[in-house]
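*Asks:* Dropping the structure in here first, questions after.
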Amino acid sequence: MTLVPTLFAQDAFTRPRIISVTGTAEIRLAPDEVILTLGVDSHDRDLALAKADDDRRVKKLLALAHAAGVDPKNIQTSALSMGPEYSEERIPKLLDYEVSQTITVTLTDLSKYEDLMTSSLKAGVNRVNEINFCVAHPQKYREEARLKAVQAAREKAVAMAAQLDQKIGKPWEITEQTDTNADDLKANFVAGIPRMGIPEEEGTTVAGGEVTIRAYVRVSFQLE
């Protein structure tokens, strides 16, 4: 009977005293590439003519991308569809046929962005699905942000412990946390659609903005 409280007492003394804190860090970078998702939609009562028109305009877009120095591996047909379109009458009537292609172009020379967009629209691109300014290789920046977040957590733990006349010892647990805010997660790697008409510098009408890479960690330290 006397052993039970003794064991609980021993367990209470062996349990480590810890302090748990969170650390955050972010790195802001200028984008070094832009991903263009462009579409070409053609309509005609004759399916063959609709497809021929669509193919002609897509070939112009591909030629423009190649002329801008885009690597072939950075040009991709991401969607292709064709089919009839009918009226919404009780007895539907054939209106025409639609042929649609979506092309994704990754441009690594941002100085060519405006010319490529302008010439693409003139060549027959009639749909701009998305324009994303981003960082091509964010891995090293994610690691840098992660290390800064750990340092921030340590500094916070030292300051908090000092207020209690304590000192921190070895780390007990380290956890990287996931940002649950969808908008922030997207902002980690993508700068979003540019603000057309708001000049960033003389001679351009595109503000590429910044790409923000964030890191969140939770660290527990033993108290000495």
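*Asks:* Taking segment 31-57 only, how many residues are more than 16 Å from T106 (Cα to Cα) and not charged (D, E, K, R)? Reasoning before the result, please.
*Replies:* At the first step, the residues of segment 31-57 found to be more than 16 Å from T106 (Cα to Cα) are 40-57.
Checking which are not charged (D, E, K, R) leaves us with 40, 42-43, 47-50, 52.
Qualifying residue count for the region: 8.
*Asks:* Next question. So which residues in segment 72-122 are charged (D, E, K, R), surrounded by 14 or more Cβ atoms within 10 Å (Cβ to Cβ) and touching a His at 6+ places or on another chain (Cβ under 8 Å), if there are any at all?
*Replies:* D96, E98
*Asks:* Additional query: Checking the structure you have, find out if any residue of segment 80-99 is β-branched (V, I, T), assigned to a strand (DSSP E or B), outside the structural domain of A162 (by TED's automatic domain parsing) and touching a residue at least 40 places away in the same chain (Cβ under 8 Å).
*Replies:* Yes: segment 80-99 contains one or more residues that are β-branched (V, I, T), assigned to a strand (DSSP E or B), outside the structural domain of A162 (by TED's automatic domain parsing) and touching a residue at least 40 places away in the same chain (Cβ under 8 Å).
*Asks:* Still on this structure, please answer the following. Can you tell which of Q139, Q151, Q163 is touching a residue at least 12 places away in the same chain (Cβ under 8 Å), within 24 Å of T24 (Cβ to Cβ) and surrounded by fewer than 15 Cβ atoms within 10 Å (Cβ to Cβ)?
*Replies:* Unique residue meeting the criteria: Q151.
*Asks:* Given the options V105, V158, V125, name the one that is farther than 27 Å from R45 by Cβ, modelled with pLDDT of 95 or more and not in a helix (DSSP H, G or I).
*Replies:* The match here is V105.
*Asks:* Only one of D53, D46, D32 is within 30 Å of M117 (Cβ to Cβ) and at pLDDT 95 or above; which?
*Replies:* On the way: D46 fails: within 30 Å of M117 (Cβ to Cβ); D32 fails: at pLDDT 95 or above.
On inspection, the qualifying residue turns out to be D53.
The values are calculated or read from the model by the stated rules, or taken from the named source; none is laboratory data. Keep in mind it's a predicted model, so treat the numbers as computed, not measured. No Cβ is skipped: glycine too gets one built from the backbone with ideal geometry, and neighbour counts run over all protein chains shown.
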